[in-house]
1. In segment 278-322, which residue that is of a type in the set (S, T, N, Q) and either open to solvent by 50 Å² or more (accessible area, probe 1.4 Å) or at pLDDT below 95 (or both) is nearest to T130 (Cα to Cα)?
2. Going through segment 147-187 one residue at a time, which ones are outside any loop (DSSP other than H, G, I, E, B), closer than 18 Å to V99 by Cβ and within 15 Å of the ligand (Cβ to nearest atom)?
3. Given the conditions (1) within 18 Å of S240 (Cα to Cα); (2) more than 16 Å from the ligand (Cβ to nearest atom); (3) not in a loop (DSSP other than H, G, I, E, B), and given that K116 satisfies all but one, which numbered condition is not satisfied?
4. Which of the residues spanning segment 44-63 are surrounded by 16 or more Cβ atoms within 10 Å (Cβ to Cβ) and not in a strand (DSSP E or B)?
5. Does Q199 satisfy the condition of being open to solvent by 30 Å² or more (accessible area, probe 1.4 Å) and at pLDDT 95 or above?
6. Among the residues in segment 205-219, are any in contact with a strand residue (DSSP E or B) (Cβ under 6 Å, 6 or more places away or on another chain), more than 10 Å from the ligand (Cβ to nearest atom) and assigned to a loop (DSSP other than H, G, I, E, B)?
7. Of all residues being outside any helix (DSSP H, G or I) and away from the ligand (no atom under 16 Å from the Cβ) in segment 232-273, which is surrounded by the fewest Cβ atoms within 10 Å (Cβ to Cβ)? Just the residue, please.
8. Scan segment 126-134 and give yes if some residue there is within 16 Å of the ligand (Cβ to nearest atom), of a type in the set (A, V, I, L, M, F, W, C) and under 16 Å from the mean Cα position of the chain (by Cα), otherwise no.
Amino acid sequence: MTYLTRLLAGTAIALSLALPAAAAEYRIAVGDGAGGTQEALGKAFIAALDEQSGGKMTGKLFLNGQLGDEQDTVTAAATGTLDFSILAINNITPFSPTVGTLTLPYVILSLEDAEKITQGDLGKQMVDKTVEDAGVRIIGWAYSGFRVLTNSKKPISTVADLKDVVVRVPKNEIMIETYKSWGINPTPMAWSETFAALQQKVVDGQDNPYMTVYAMKFDEVQKYVTNLRYIFSIEPLIVSEQLFQSLSADEQKQVLAAGEAATKASGEFLRAEEAKIREELVKRGMEIADPADGEKEFISLATTAVWPKFYDQIGGKDVLNNVLTTLGREKV
Ligand code: MLT
């Protein structure tokens, strides 16, 4: 070895000792655009992960489905080609039917209900089931509010008003059956295709929370809003189980702690922002109405027809009854 190569090798070793190792940067898929609850959860998670790991782990958000449609990101994370994803729970149900309990119409009736279930024992059981069924681990939860119905055709306040309105739903059996109970055949469609379908009037409407309507700029292609409360949207942050198992015990703890911190921040974000976002959508020209008669007809048709159809899929009627009793409601 010449003097020069010895000198260069020595300098490289000294530099590598002096510099901190590069942080592991994980890719986090996000189904929605900027400004919604998914992005807020992602940002809070990255900040908490940086802090928990002393800068050794961080993440990068890829908004607007850049890393694939929400349902496809579950498969990608399960096979280890994607690290994390933030998506609506209804897009995990096809891979892990028990979480469908949280998508059954009129089960989760408030943000407090959502927090109680997801942050309690039932939430932990659902996390275990999802690892087992889908190969992904839920490590955090975003809370997005009720999925309100939007459309470009007319104000809707009764079940009868839905006739002749073509509504897009996620590829989720529970949601398809819910609209069927209201007398129409909805159009199942991937989330990533929804804006274009609304714009080109392939479909007239869709449902999603105010925060999502705003993040996706749906006000540009939708006019009327009906304040349905059939699903309170819960949006998990999932990690590839393969990735999670490859981490050291300390790193796993840091990831879980960051997920918990982000979950707490998500509830606060929704409490602070939802009313403002709703006002902003009105300023942009959206017209908001409540369903007629306290939504009674929607509620009775959906709960009577849809709940019993899914007892088997969600793991038995007891799974629903556990959720209902935890929320202080009557069993079915
Ligand atoms: C969907 O409608 O497919 C999802 O709820 C969209 C979302 O993740 O916000």
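The values are calculated or read from the model by the stated rules, or taken from the named source; none is laboratory data. Source: prediction; values computed, not measured. Positions of Cβ are backbone-derived with ideal geometry, glycine not excepted, and every protein chain shown enters the neighbour counts. For the accessible areas, the whole protein counts, side chains as well, though only heavy atoms, and no ligand, DNA or RNA atoms are used. Shrake-Rupley method; radii C 1.70, N 1.55, O 1.52, S 1.80 Å.
1. The residue in question is Q313.
2. Listed by number, the residues that qualify are V169, E173, I174, M175, I176, T178.
3. (1)
4. If the condition is that a residue be surrounded by 16 or more Cβ atoms within 10 Å (Cβ to Cβ) and not in a strand (DSSP E or B), then A44, F45, I46, A47, A48, L49, D50, Q52, S53, K56, L63 are the ones that fit.
5. Yes, satisfied.
6. Checking segment 205-219: not a single residue is in contact with a strand residue (DSSP E or B) (Cβ under 6 Å, 6 or more places away or on another chain), more than 10 Å from the ligand (Cβ to nearest atom) and assigned to a loop (DSSP other than H, G, I, E, B).
7. S248
8. Here is the first cut: in segment 126-134, the residues within 16 Å of the ligand (Cβ to nearest atom) are none.
Checked segment 126-134: no residue is within 16 Å of the ligand (Cβ to nearest atom), of a type in the set (A, V, I, L, M, F, W, C) and under 16 Å from the mean Cα position of the chain (by Cα).
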